[in-house]
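The structure appears right after this line, and notes come after that.
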Amino acid sequence: MVLTELLEFGIMITVINMAKKTPPHSKTCDCQAYRRSRRREAILEVLSSESGHLNAEQVHKAAQRRIPGIGIATVYRALKCLCGCGKVSEFIPADGVARYEPAGERAHHDHLICTACGAFIEAVDPEIERLQERLAARHGFVIASHRLEIYGLCRNCAKKK
Ligand SMILES: [Zn+2]
Ligand SMILES: [Zn+2]
Ligand SMILES: [Zn+2]
């Protein structure tokens, strides 16, 4: 089903990034103290309630509705902390702007990214997952994590063409 979608979608570029392993917490990270802070919780709420895949500025905008006057530096700090704790995952698509989404208990998924409207479509196909394992194994490569991003036009934007 996903494969059919992929064909309709028109694959432009397929990028497989081996995501960097989350670096161990630096001693300067105040994660522990920060854990229950209202700001950090508010940002986690923003990421869970909005449509997802927000950049830091969008997170900031949405967070301001919850905590008026919250600064962008605080948002960056909270995001860094949440990523370090594994509650949020950061990824950088081809436009070079980091996006954030809740992680943790959420299942792994890959993204179909519309270059016209910017939509992120979450998709996963067990066969593609297996193929990646096989590809890695062929190179004696042990996968820590992966990210598959496919760029093109979403159903709506493809119709407009
Ligand atoms: Zn995947
Ligand atoms: Zn689109
Ligand atoms: Zn996603």
*surrounded by 13 or more Cβ atoms within 10 Å (Cβ to Cβ), under 29 Å from R39 (Cβ atoms) and more than 16 Å from ligand 3 (Cβ to nearest atom), is that true of K61?*
yes
*helices (runs of 4 or more DSSP H) completely within the stretch 12-118 that count 3 or more residues being modelled with pLDDT of 80 or more and not charged (D, E, K, R)*: 38-49, 56-66, 72-84
*If you take the residues of the stretch 119-152 that are surrounded by 11 or more Cβ atoms within 10 Å (Cβ to Cβ) and assigned to a helix (DSSP H, G or I), which of them is farthest from the chain's Cα centre (by Cα)?*
A137
*Restricting to the stretch 101-118, what's the tally of residues that are in contact (Cβ under 8 Å) with a residue 24 or more places away in the chain and surrounded by 12 or more Cβ atoms within 10 Å (Cβ to Cβ)?*
9
*For the stretch 119-132, name all the residues that are over 29 Å from L47 (Cβ atoms) and in contact (Cβ under 8 Å) with a residue 60 or more places away in the chain.*
E127
*Can you pull out the residues in the stretch 98-132 that are away from ligand 1 (no atom under 16 Å from the Cβ), among the aliphatic types (A, V, I, L, M) and out of contact with any Asp or Glu (no Cβ under 9 Å at 6 or more places or on another chain)?*
A116, A119
*For G152, indicate whether it is modelled with pLDDT of 95 or more and within 16 Å of ligand 2 (Cβ to nearest atom).*
yes
*Can you tell me which residue in the stretch 133-161 is nearest to ligand 1 (Cβ to nearest atom), limited to those that are among the basic types (K, R) and touching a residue at least 60 places away in the same chain (Cβ under 8 Å)?*
R147
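The values are calculated or read from the model by the stated rules, or taken from the named source; none is laboratory data. Please read all numbers here as calculations on a predicted model, not as lab measurements. FYI the Cβ positions are ideal-geometry reconstructions off the backbone, even for glycines, and counts take in every protein chain you see.
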